[in-house]
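Read through the structure below, which is laid out as structure tokens, and then see the notes.
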Amino acid sequence: MVQNWNIRNYMDGDEVKIFELWEAIHPNKQYNLKDWMTWWNWMYKQNPAGNGIIFLADHNDKVVGQYAVIPMLMKINKNIIMGSLGVDAMTHPNYRRQGIFETLGKTTLSYAESKGIKLMIAKANDYSGHGSISKLNMFPISSLRLFFNPLNWENALRPRIKNKFLLKICVNVGKLLQHTIYRNRSKIPKDVNITEISSFDERINEFWNDISNYYPITIVRNREFLNWRYVSVPNRKYTIYIAEVGKKIEGYIVLRYITQQTRKIGTIFDIVVRPSRRDIIHLLISKAYEYFLKENVDLIEYHIFSDKIYRRALRDVGFIRFPQFFAKNIFCVYSKLPSDDTEFLKDKKNWFIQLGNSDFL
């Protein structure tokens, strides 16, 4: 097939063309250009780690493909490096299977490396495809593990189970499973106060510095990043609670809910606690449960990559693990770090990633 498109770097003023590409890929979504532009500027130009790197495929003055990464401070073992997160890889439906994704990806990653960014994490999804990922010399790690807790079993299952009789059976089985196998074994600490906050203050840096060595590979959760990610993000409302002992932060949790079809889904986007205080995980999740009940949420979801402490705590308070077999989004890594670091990266037990580190919508 003859290539009838060109690869180029993003230029100021390309935003509207990129917006048109989004609309072509998601024709059923009602995007508002003004809102989208506000979000786009937040994502690519207000990131405290630096501006996004974007390369485009161009044909007849129309953007038909995009590959982008946004810088992220990452902790690899005891070192802090400038890594990146792969986002918004897109190819226009009329231009697929022409090598646009692979060409854009290689060009973007090579340019990022020239700027000192030698590591990228990304999700392989329906648009990128696992086969294309291997062409970019990326390697898979694992998928985010989904845990869920239905607050209203019938509403939670109805969009997927249309038969009323089968729905009733599944609801009863689900309730029985939840109440017999998964029992609340949490111990509520008495020395901890839970407070809702509108933004993170300087104490969060002290908290992160205290606990960061527990997590071998993760995104740096300092005050700048957390406030950018969850506070200044436009057209999104996150609810944030911190756990305090006296004036000292011992953990935090970030929540959001959306209406999807006929049900409300509550999501735990990020939860981090001092590793020695597993009881605080229980307390923060209980707070999330209370918040979502008040908002009439039908289903709570939490996605996590590794870390047994959090997974055990979820089971303690009644969350059910979704079968790994059905997982679709696989985390992949592109690395130009030394070979010893690459082997360290390939071990999924070293990673600590949650939904808030990947889903910016």
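Worth a mention:
- Some residue of region 332-345 being more than 30 Å from TYR111 (Cβ to Cβ) and part of a loop (DSSP other than H, G, I, E, B): no
- For PHE326: the one exception among (1) of a type outside the set (Ser, Thr, Tyr); (2) within 19 Å of the chain's Cα centre (by Cα); (3) surrounded by fewer than 21 Cβ atoms within 10 Å (Cβ to Cβ); (4) modelled with pLDDT of 85 or more: (4)
- Residue in region 1-51 that is surrounded by the fewest Cβ atoms within 10 Å (Cβ to Cβ), counting only those that are of a type in the set (Val, Ile, Thr) and more than 30 Å from MET74 (Cα to Cα): VAL2
- Enumeration of residues in region 235-262 that are of a type in the set (A, V, I, L, M, F, W, C) and surrounded by fewer than 19 Cβ atoms within 10 Å (Cβ to Cβ): VAL245, ILE258
- Qualifying residue in region 78-85 (condition: among the small types (Gly, Ala, Ser), surrounded by fewer than 19 Cβ atoms within 10 Å (Cβ to Cβ), at pLDDT 95 or above and within 24 Å of the chain's Cα centre (by Cα)): no
- Filter pass, ASP201 being among the charged types (D, E, K, R), assigned by TED's automatic domain parsing to the domain that holds LEU283 and either at pLDDT 95 or above or closer than 30 Å to VAL333 by Cβ (or both): yes
- Pair list, Cβ under 6 Å, 6 or more apart: region 188-217 residue closer than 16 Å to ASP279 by Cβ, other residue assigned to a loop (DSSP other than H, G, I, E, B): ILE211/ARG274
- Pair list, Cβ < 8 Å and 6+ apart or interchain, from region 146-158 residues that are among the aliphatic types (A, V, I, L, M) to residues that are modelled with pLDDT of 80 or more and not in a strand (DSSP E or B): LEU151/TYR289; LEU151/PHE292; LEU151/LEU293; LEU151/VAL297; LEU151/ASP298; ALA156/ASP298
- Residues of region 232-253 satisfying the condition of being closer than 20 Å to HIS303 by Cα and of a type in the set (Ser, Thr, Tyr): TYR238, THR239, TYR241, TYR252
- Region 145-173 - residue that is modelled with pLDDT under 80 and under 18 Å from TYR289 (Cα atoms) and, of those, surrounded by the fewest Cβ atoms within 10 Å (Cβ to Cβ): GLU154
- Elements of type strands (runs of 3 or more DSSP E) in region 45-110, at least 2 residues being more than 22 Å from TYR334 (Cβ to Cβ) and not assigned by TED's automatic domain parsing to the domain that holds ASN227: 53-59, 62-76
- Residue, farthest from ALA313 (Cα to Cα), within region 174-183, restricted to residues that are of a type outside the set (Ser, Thr, Tyr) and either at pLDDT 75 or above or exposed (fewer than 11 other Cβ atoms within 10 Å of the Cβ) (or both): LEU176
- Residues considered: TYR111, TYR127. Of these, the only one that is at pLDDT below 80 and either touching a strand residue (DSSP E or B) at 6+ places or on another chain (Cβ under 7 Å) or among the charged types (D, E, K, R) (or both) is TYR127.
- Among the numbered conditions (1) under 18 Å from the mean Cα position of the chain (by Cα); (2) modelled with pLDDT under 85, the only one that ASN350 does not meet is (2).
- Search result, residues across region 134-158 that are more than 24 Å from the chain's Cα centre (by Cα) and either among the hydroxyl-bearing types (Ser, Thr, Tyr) or assigned to a loop (DSSP other than H, G, I, E, B) (or both): ASN152, ARG158
The values are calculated or read from the model by the stated rules, or taken from the named source; none is laboratory data. Since this is a predicted model, take the numbers as computed values, not measurements. A quick note on method: Cβ atoms are made from the backbone with ideal geometry, for glycine too, and the neighbour counts reach across all protein chains shown.
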